[in-house]
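The values are calculated or read from the model by the stated rules, or taken from the named source; none is laboratory data. Quantities reported herein were computed from a predicted structural model and do not represent experimental measurements. Heavy atoms of the whole protein, side chains included, go into the accessibility calculation; ligands, DNA and RNA do not. Shrake-Rupley method; radii C 1.70, N 1.55, O 1.52, S 1.80 Å.
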Amino acid sequence: RINEMFMAVLSHDLRTPLMSIGAAATALPRQPLPADKAQALAGRVLSSSQRMGRMIEDLLDVTRIRQGGGLAMRMAPVDLGAVLQRSLQEIRAGFPNHVISTSDQGDLTGMGDEERLCQLAINLIGNAVHHGDPAVAIKVALDGTDPHTLALTVTNGGTIPAALLPHLFSPFRGREQAPGRHQGLGLGLFIVQQIVRSHGGRIDVQSEDGSTRFHVVLPRHHPSAA
């Protein structure tokens, strides 16, 4: 089944951004082309190529995990606030029309893998962008008030079907969504869970009354980094 899903990714999911790049590349040589039009097309190429890159990296991560190697971690001092701002820059560049509010409190420094934590934040916020109610602002909160832990919470509008909740962190779960809904690889939340576990943390989700909340708690100092 996993092999079939990998082939589905190569034949379907990568095709959409590739077609977008091809269409933009076809239009760019046409002269004369207004500057704003050219900029928009160039932005489409960049966004689509970044999306393809993320898909490929997700697939590589799943391969590493399934082969028993797990995710490589480079633990070092990290500022979770700076990680979030870096992640938001990428999300907002790709989805400028989505409203994302942020809040933070306490000391946001600790030990962790900055690249993986950035990937975690992008995947969680990206999941809210793709699956949440676009009419409801996404709320991202950081909490460093506890001396031993750091917390990240992402809240969006919309409710996850009860039948899907037990499988939310399973790879390729996106294939089981209803026709017409956004059909991602279903790898983002799986990889988020693996990153959280590799940091010795935990993640939980609550979805009810038109709101969905992902809550991540990470130890401020991972034992392996001591």
³J(HN,Hα) computed for each position of the stretch 199-206 - Karplus, 6.51 cos²θ - 1.76 cosθ + 1.60, integer Hz, glycine/proline x: 8, x, x, 9, 9, 9, 9, 10
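Quick one: accessible area per residue over the stretch 39-139, 1.4 Å probe, rounded to a whole number of Å²? Can you show the working numbers first?
Working: 5440 Å² over 101 residues.
Per residue, the stretch 39-139 has 54 Å² of solvent-accessible surface.
Taking every pair of Cα atoms in the stretch 78-143, average 1/r, invert it to obtain the Kirkwood radius, and report Rg/Rh to two decimals.
Details: Rg = 11.9 Å, Rh = 12.3 Å.
Taking Rg over the Kirkwood Rh, I get 0.97.
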